Amino acid sequence: MVNIKEVKRLLDKWQDILRLRDWDIKIKMVDTEWRKSGDVKIDSDDRKAILLINSNPKSTNLEELVVHELLHIKLWPMDQMIEKSIIREFGEDDNCPKKDFAMEHFFMTLERTVEELTKGFLAANGSKQELSFGRLRKEIEGEIGEVENIYDIVEE
């Protein structure tokens with residue numbers, strides 16, 4: 001179970017680091033079954049956002065989760081520009097294969113970029129907590145059953 005006070009502490013810390021202090025950001029704990037660990041809803045005109053945090057997240061690193069969602073706020077203008085460009089190019093039809101291809105690859109690239117930036121910011125700020133391997137763990141468990149330990153390779 002996620003502690004709301006810890007989420008608030010991390011939000012305060014990372015709003016300063018990521019220069020998001022001019023944003024009004026609230027937290028909403030999601031207590032129902034949800035496929036995501038977190039999400040963010042953004043009103044860029046008003047500089048307001050709501051972090052949605054799964055109270056039982058798949059992610060095992062809460063700080064990584066908070067930083068990841070805050071970075072979506074930083075990248076929001078670019079995100080919206082690219083989405084609008086794709087729609088302008090391929091139209092509003094949700095059944096257009098070319099539009100689907102472009103959107104799918106854009107979102108995959110966006111998520112990969114946000115995750116790489118998250119890892120970099122955490123490392124630069126001295127985070128010692130292990131990164132979350134939740135998605136991979138779920139994939140492995142689906143294939144071979146419950147996974148207790150995944151080890152780093154230690155060279156002697």
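The values are calculated or read from the model by the stated rules, or taken from the named source; none is laboratory data. All values derive from a computational prediction rather than experimental measurement. Ideal geometry is used to build each Cβ from the backbone, glycine not excepted, and the neighbour counts take in all protein chains shown.
Residues that are over 16 Å from L65 (Cα atoms), surrounded by 12 or more Cβ atoms within 10 Å (Cβ to Cβ) and not β-branched (V, I, T) within the stretch 25-51 comprise D43, S44, R47, K48, listed in sequence order.
State whether one or more residues within the stretch 43-60 are in contact (Cβ under 8 Å) with a residue 60 or more places away in the chain and among the charged types (D, E, K, R). Taking every residue of the stretch 43-60 in turn, at least one turns out to be in contact (Cβ under 8 Å) with a residue 60 or more places away in the chain and among the charged types (D, E, K, R). H72 meets the stated requirement of being surrounded by 15 or more Cβ atoms within 10 Å (Cβ to Cβ) and touching a strand residue (DSSP E or B) at 6+ places or on another chain (Cβ under 6 Å).
If the requirement is being among the basic types (K, R) and at pLDDT below 90, which of these qualifies: R88, R112, R137?
Numbers: R88 fails: at pLDDT below 90; R112 fails: at pLDDT below 90.
Only one candidate qualifies: R137.
Here L11 does not fit the description of being surrounded by 13 or more Cβ atoms within 10 Å (Cβ to Cβ) and in contact (Cβ under 8 Å) with a residue 60 or more places away in the chain. Checked against (1) touching a residue at least 12 places away in the same chain (Cβ under 8 Å); (2) within 17 Å of the chain's Cα centre (by Cα); (3) surrounded by 13 or more Cβ atoms within 10 Å (Cβ to Cβ), A102 passes all but a single condition, namely (2).
Is it true that some residue in the stretch 23-41 is among the polar types (S, T, N, Q) and either farther than 30 Å from D100 by Cα or modelled with pLDDT of 95 or more (or both)?
Initially, the stretch 23-41 is screened for residues among the polar types (S, T, N, Q), giving 32, 37.
When the remaining residues are screened for being either farther than 30 Å from D100 by Cα or modelled with pLDDT of 95 or more (or both), the result is none.
So far as the stretch 23-41 goes, no, none of its residues is among the polar types (S, T, N, Q) and either farther than 30 Å from D100 by Cα or modelled with pLDDT of 95 or more (or both).
Criterion applied to T113, T60 was being closer than 27 Å to G126 by Cα, surrounded by 15 or more Cβ atoms within 10 Å (Cβ to Cβ) and among the hydroxyl-bearing types (S, T, Y), and the one residue passing it is T60.
I'd like to verify a number: residues in the stretch 39-70 that are part of a strand (DSSP E or B) and in contact with a Ser or Thr (Cβ under 7 Å, 6 or more places away or on another chain), how many? Of the residues in that region, 1 qualify. Selection of first residues in the stretch 112-133 that are touching a residue at least 40 places away in the same chain (Cβ under 8 Å) and part of a loop (DSSP other than H, G, I, E, B) and of second residues that are surrounded by 16 or more Cβ atoms within 10 Å (Cβ to Cβ) and among the aromatic types (F, W, Y), restricted to Cβ pairs under 6 Å at least 6 apart or on distinct chains, gives an empty result.
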